[in-house]
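Remarks on the structure that follows.
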Amino acid sequence: MSSVDWGDAPTWIAAIFAGGAALFAGMTIRSQRQQIDEQRAFIGEQSANLLLERELLRAQADDRKRAQARSITMSASMAFTIDDADFPDVWQVTVSNPTEEPMTDVWVRFGDTYTALSARTVTARGVPRNSTRGVPVDVIGPNRRFRFDSSSRPGAALENDPPVLLFRDTAGTRSRLDQRGVIQEIDDDVTG
């Protein structure tokens, strides 16, 4: 029988080093894959955190943007302009801007077709001043109030057309405030 030639010592030493290098390279690749997976998981967590922070900042900015619009108030009542009338015949709507910023392009509508007939400033005691203005009112300044009056209408028609306030705040947002206090953003093309 022939004997197996196992080579010489330098070949064996080179083979052992090559195997060791291959093993080390394999372990290094495995370790790097594990590190890459950990980094991907960390980046995913950071991305989720950044997304949450961005949403929070956006919500805070929107809240600041809408703060003025939410502060605006409107109170409405029906009034008599004709003595001995059985029913009130006009709406009187008081719009208050208690903020430190002006509101612009202010309209009061009654139903879908009628706008306020006139507007006038109201004193701190709630008394309307004599000078009337046309509608829309271009600017209601900070801490100011205006009263808007509807045209005279029969009682039933008056009840069917409740007042709605339309205005633009300092952020440039157009808003609609109804008699129940519900406020919503509206498009720029909605007018009185």
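Read-outs: derived from the displayed coordinates by stated rules, not from any lab. Everything numeric here is computed off the predicted structure, so don't read it as measured data. Positions of Cβ are backbone-derived with ideal geometry, glycine not excepted, and every protein chain shown enters the neighbour counts.
Of all the C-alpha pairs in the range 72-185, what % are more than 17 Å from each other?
It works out to 52 percent of all Cα pairs.
Multiply the residue separation of Asp178 and Arg58 by 0.36 nm, subtract the distance between their alpha-carbon atoms, and state the gained length in nm to one decimal.
Fully extending the segment from Asp178 to Arg58 adds 40.6 nm.
Work out the charge dipole of the range 72-185 with +1 on the Cβ of Lys and Arg and -1 on the Cβ of Asp and Glu about the Cα centre, then indicate which of Asn97, Ala116, Val182 is farthest towards its positive end.
Highest projection toward the positive end goes to Asn97.
Between Thr132 and Asp84, what FRET efficiency comes out of the Förster formula 1/(1 + (r/R0)^6) with R0 = 25 Å and r the beta carbon distance, rounded to 0.05?
Plugging the Cβ-Cβ distance into 1/(1 + (r/R0)^6) gives 0.50.
Go ahead and set up a Gaussian network model of the chain, Cα springs under 10 Å, then flag whichever of Asp138, Asp83, Asp178 fluctuates most.
Asp83
Counting Lys and Arg as +1 and Asp and Glu as -1, each charge on the Cβ, what is the dipole of the range 72-185 about the Cα centre in debye, to the nearest 20?
400
Counting other beta carbons within 10 Å of each residue's own, what order do Ile183, Ile82 fall into, fewest first?
With the fewest neighbours first, Ile183, Ile82 line up as Ile82, Ile183.
Which order do peptides 142-152, 70-80 fall in by mean Cβ count within 10 Å, highest first?
142-152, 70-80
When a footprinting reagent is the concern and you count Cβ atoms within 10 Å, what order do Thr121, Thr11 take, fewest first?
Result, fewest neighbours first: Thr11, Thr121.
Arrange the following residues from fewest to most other Cβ atoms within 10 Å of their Cβ: Val137, Val108.
With the sparsest Cβ surroundings first, the list reads Val137, Val108.
Over 15 Å, how big is the tail of the calculated P(r) for the range 10-71, in percent of all Cα pairs?
More than 15 Å apart: 72 percent of the Cα pairs in the range 10-71.
Enumerate by residue number the trypsin sites (Lys or Arg not before Pro) in the range 153-192 meeting two conditions: DSSP loop (anything except H, G, I, E, B), and at most 14 other Cβ atoms within 10 Å of the site's Cβ.
Arg180
Using each residue's phi in the range 37-46, evaluate 6.51 cos²θ - 1.76 cosθ + 1.60 at θ = phi - 60° and report the 3J(HN,Hα) Karplus result to the nearest Hz, with x for Gly and Pro.
Result, rounded to whole Hz: 4, 5, 5, 4, 4, 5, 4, x, 5, 5.
Going by Cα centres, the range 11-65 and the range 124-192 are how many Å apart?
Centre-to-centre distance over Cα atoms comes out at 58 Å.
Tally Lys and Arg at +1 and Asp and Glu at -1 over the other residues with C-beta under 13 Å from the C-beta of Val135: what net charge comes out?
So the environment of Val135 carries a net charge of +1.
Rounded, prolate or oblate: which fits the chain, taking a ≥ b ≥ c as square roots of the Cα gyration tensor eigenvalues, rounded meaning a/c under 1.5, else prolate when a/b beats b/c?
In terms of gyration-tensor shape, prolate.
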